[in-house]
Structure formats: structure tokens, C-alpha cells
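Take a look at the structure set out below.
Computed from the coordinates by the stated procedures, all read-outs in this text should not be read as laboratory data. Please read all numbers here as calculations on a predicted model, not as lab measurements. We place every Cβ from the backbone using ideal geometry, glycine too, and count neighbours over all the protein chains shown.
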Amino acid sequence: MQVFAKLAELGSFTKVAEATQTGRPYVTRTIQELEASLGVRLFQRTTRKVKLTAEGERFYERVKEILATIAETTSMFDRSGSTLSGRLRIDIPTAFSQHGFMESLRQFTEAFPEIELALGVTDRRVDLVAEGIDCVLRIGDLPDSSLVAREIGSAIMVTCASASYLQACGVPETLADLAGHRCVGFLSGQNNRPLPWHFSMAGEDHPHTPRGGITVNESNAYVQCGVAGFGIIQAPGITVGAYLASGELVEVLGAFRPAPRLVSVLYPSRSHLAPQVNAFVDWLKKHFPIVHPDWFNAY
């Protein structure tokens, strides 16, 4: 049933084999045996696509309920992690791929030693179902989708620049002063445009489109552009906190700090959630504020 459900979601024998870490012949044989035992055809197969038949769609609805019940039942006695097992594939923003967060992940694997963690690090928008990802952690506003989002807190944003840049170009005192400064842009993976900055003034949001000589699409490179003196950047405090403490970066326009940006965990379905995903989300809500207490507001 697990193989069947995964094939219904991904629509590809090859993708199911990759997601389940098995071979394509195994997936094919499993589906053939399932169809033979039921006496019905569950999928229409072409050279390019695998699609559920009418019988397959009805079977899929029941299978989802059955698998969800099994997952709940097998985890009902011990939520501490000692009996939780299986593969958990997660994806986090590049901004979180630093010592504090990675140390927290190591503690998670120690608390749940039977869970095999597969970690992806990217700033692009991912297709959880097609890529076989269990859940993703993201910063900022979420696009409308069928995914379930669980808020775990908010990240404090900081506008800053290197001390050498400010010494050479001056310190902006007002939002209007930004017009005379170089601003490093961060390229959105969704629309291929620089993400707007935000400032808060008198309780109102004031967006600003950064303009300068360089735009990047990766969080660590973005911060390094600020450290190297390319211009002003606006980033989550968790990514620049160490540089602010050392003096390599200096906060500017602190009186206009934007509202903190939402941090959420997204997963495909509330009714078909593996217990290891639940354990990871609960862990994040409890431990993430401890990792970055100065730059993170817990909910």
C-alpha cells in the first residue's frame, strides 16, 4: 500500500524507486502483484505517464486512511523517540545551515537514533511530492498551495553593511538615503526577481526594491557580499548575528526594522503524516528558539 500510494502521488515508477530507495523492478513487481491480488487495474500506463484508473482512485482514498491509521497506531505508545524509526527527508533554507542549527539537528538524531535523516539545503521552492520530501522549513510569506503549514515562530530581520563600506559611503539615516547607496539584491527562486526589502515606520510597512551592482541567489553568498563591502544587505539576524557581534557588519536603519518574518514547517498532508515528521516538527517548536534566542520569536 505504501508503494501504491507513493506511485499515485508521484506518477512515476522511477521516482518511486528513488524515493523509497529501491529498484524500479521492485516497484513494478509490487504494483503488479497488488493488481493481481485485487483483480482490478489500478493504473493506466503509457510511455510518459502513470495515472490512476477510476478503481485506483477509489482504492487510493481508502489506502490513505489506512496508512494514516497505521502510522498513528504504531506511534501511540511511545512519543519519546525510542521506537520511532524510518527515513525522514527534510529541506531547510541555506540561512539555517550553520553551526547552531546543525548542532540542534545532531541532538535530534541522538534523541531519535532509529530515524535516518536526509537533509537538503536550498533556497528554491521545492515540490515535496514530486521530490519525495517529507517536510520543509521556510522563512517568509508562503505561497497559496495545498501544503499544510505549521508556524513555529518568526525571524528578526536586520539591515546592515560592512564597517568599511559605511566608512567609505556614509551611514544612511533615513529610508530616502538608500537611493544614494549600493544595495545587494537577493534573487527569488520563484519569479527570478530580487526580493523586496521591508521597513517599518509608524506601524506601517514600507517596501523597498534594492538596487546595486550585484544580486545573488544563495543566502550564505548574500551575507558574504555584505561582509566584503558590496553594499547594504537585509537578512535574518540568525545569519548575520556573529558578524554584528564581531563588528564586521554594522546595523543601519535600526529604527525602521521590519516586522519579523514568519518561520514555518510545510508538509503535504495533515491526515497522512508520518510519526517521524510529527516528532521533527515538535522538536523544532521546542528547540529552535533556544538555538537563536536573540534573533527568533517563539510562538
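Convert 20 °C to kelvin, take the viscosity as 1.002 mPa s, use the Kirkwood radius over C-alpha pairs of the stretch 2-74 as Rh, and evaluate the Stokes-Einstein diffusion coefficient in µm²/s, rounded to a whole number. Translational diffusion coefficient: 170 µm²/s. The longest part of the chain holding none of the exposed loop GluC sites (Glu not before Pro), meaning those outside H, G, I, E and B in DSSP with at most 12 other Cβ atoms within 10 Å, is 174-299.
Taking semi-axes √(5λ) of the Cα gyration tensor in Å as calculated from this structure, the corresponding entry among (1) 44, 21, 16; (2) 32, 20, 18; (3) 40, 20, 17 is (1). Within the straight-line cut-off of under 28 Å between alpha carbons, the lysines reachable from residue 49 are 6, 15, 64, sequence neighbours fewer than 8 places apart in one chain being disregarded.
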